[in-house]
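Okay, so here's the structure we're looking at.
Every number in this text was worked out from the coordinates using simple rules, so none of it is lab data. Keep in mind that what you see is a predicted model, and the values were worked out from it rather than measured. Here the Cβ is made from the backbone with ideal geometry for all residues, glycine too, and neighbour counts use every protein chain on show.
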Amino acid sequence: MFNMEEQEKNILEKYIQGSINEMEYNELKQMVITGDEKKLLEMIDTCYHKDTNIYAMPLTAKDTLRNKIWQQIKKENFRKRIQKFAALAATILLPIFIFSTTYFYLQADKYKQKPNIITSNNGQKAEFTLPDGTSVHLNSGSKLSYNSEYNGSIREVILEGEAFFDVTPNKEKPFIVKTSVFNVEVLGTSFNVSIYNDENIAETTLIDGKVKLTLNNDQSQPIYLTPSQKFVYSKINKKGNIYLTDEEYELAWKNGILIFKAESLEEVFHKMERWYGVTIHYDKNNIVNDQFTGKFKALTIQEMMNILRMHYNLKYKIENNNIYII
């Protein structure tokens, strides 16, 4: 329990925080009118050395505030201004209150705007649950972010790369995935989105439920998908089409399966770089122009390279995370 001296010293802190009651306010007013500089400085120092807000002031900001207030106090002639408390309070107490309150709300606003970011580097994958219970699988070389207001009026995330979402149903709060090409909006469903910055193709595959796609910077009608449909968009041609798709192929990465479906060797190398977290060095003019198909699970990079070596008669060497086709 606080003694009288501790309680007295905390009155200014309560005033700054906006939690002071009427009796304490009258006491504080009397202290400012009749108090001496030493006592008032002790009150300021108490607030100075404590975090009077949820978000602590930086030391430089505290120093600046303290010095300004102390200089103000020294300039004031308290005895001559006993009958002008309102003006005195405005010059001493209100600057503290305004500064700390403004700082608090600025910091709170910064906190609200600061996004939560989940990153899955090349060679890695991530699995996590969003605050509303939505399950997310994040593929290699991908990033997902959302701010502190998620699960408020809307549920919104920003995706770079590829992710699978199993969305918790909520008719009152649409779930939106924002990307550089299109936005995907659902109420409750499971779907896959693939949109890597270094690839021309952006895709959305619906597994269950229903989704609405809205192309960025395009006033055309929204695109709706039903289960087993995939929307494929060309960034170069700025056109998209809907196809029927194979769920096993689309979600192979989520199940730890590296799968190729009639893909060029250059595309195979690119996918392997992301999957294993390596860099493959090769001359585009010297690789075979062929379409590669295969499904592989739990293979090391050495085993995968040996398969390609036998299939294409490749020679290679591995140095740390670099693979050289020779």
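In this structure, the residue pairs whose Cα-Cα separation is over 26 Å, taken from K235/K315; K125/K315; K212/K239; K125/K261, are K235/K315; K125/K315.
Report the local net charge at Q291: Lys and Arg +1, Asp and Glu -1, summed over other residues whose C-beta lies under 10 Å from its C-beta. List each step's numbers first, then the result.
Working: positive: K261; negative: E263, E267, D290.
Summing Lys and Arg as +1 and Asp and Glu as -1 gives -2.
With a Förster radius of 25 Å applied to the beta-carbon distance between N306 and E248, the computed FRET efficiency rounds to 0.50. Spin-label model, E199 to N241: label points 7 Å out along the Cα-to-beta-carbon direction sit 1.8 nm apart. Taking θ as phi - 60° and the Karplus parameters 6.51, -1.76 and 1.60, the scalar couplings of the stretch 156-161 work out to 10, 10, 10, 10, 10, x Hz in sequence order, x denoting glycine and proline.
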